[in-house]
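To start, the structure under review is shown below, and the notes come after it.
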Amino acid sequence: MHKLTKFFTILLLAALAATWTARWAPAQTANPDAATMQALLSEVRQLRHTVEKTLSLGPRMQILLQRAQFQEQKVSRVSQQLDEVRKQIAAETARQNGANERLTKIEQDISAESDAGRRAQLEDMRAGLKMVVGNGPDQQLRARETELANSLDTEQAALNEFNEKLDALERQLEAPPASSQR
């Protein structure tokens, strides 16, 4: 009988140990599992936040990119127009400088000319050149140049504004996700 009592005592202790292990061991291992689950849950929340942010900023970025491209085309077009007007002004100025040189030469020729017929002819040429020299570049061209320069400044400022907005959106995309717990 002594062996039987010993057997039941061992069996009872084993049952108690199994019960204790079943009851307390999961609580001890649940803490690391709970911490892992919390970390994973936090990571999933951050990932969701990042995806939502990217999805919400994507269309705005695309619209701003399109607008910036249109604005860049406007700046390019106005810049080309301004260059063309400036070329016209330079051509007019060169024409006027050439006329000034011819006028100086004709005046020298008049003072040196002794033939009255040739002198009258040179004086007629001088009168015509004085009209050309007095006109200078067309005032309408100068006004157009000023208008286009102002327009270019305005359009460039608008393009810079679009680029600043794009930079701000880019910074928002690059910003580290806020650790928000939902």
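FYI, it's all coordinate maths here, none of it is from the lab. These numbers were taken from a predicted model, which means no experiment stands behind them. Methodologically, a virtual Cβ is constructed for each residue, glycine included, from the backbone with ideal geometry; neighbour enumeration extends over all protein chains shown.
Take Ile63, Ile89, Ile106 and order them by how many other Cβ atoms sit within 10 Å, fewest up front.
Fewest-to-most ranking of Ile63, Ile89, Ile106: Ile63, Ile89, Ile106.
Report the charge-dipole magnitude of region 45-182 in Debye, nearest 20, computed about the Cα centre from +1 at each Lys and Arg Cβ and -1 at each Asp and Glu Cβ.
With only Lys, Arg, Asp and Glu charged at Cβ, the dipole is about 820 debye.
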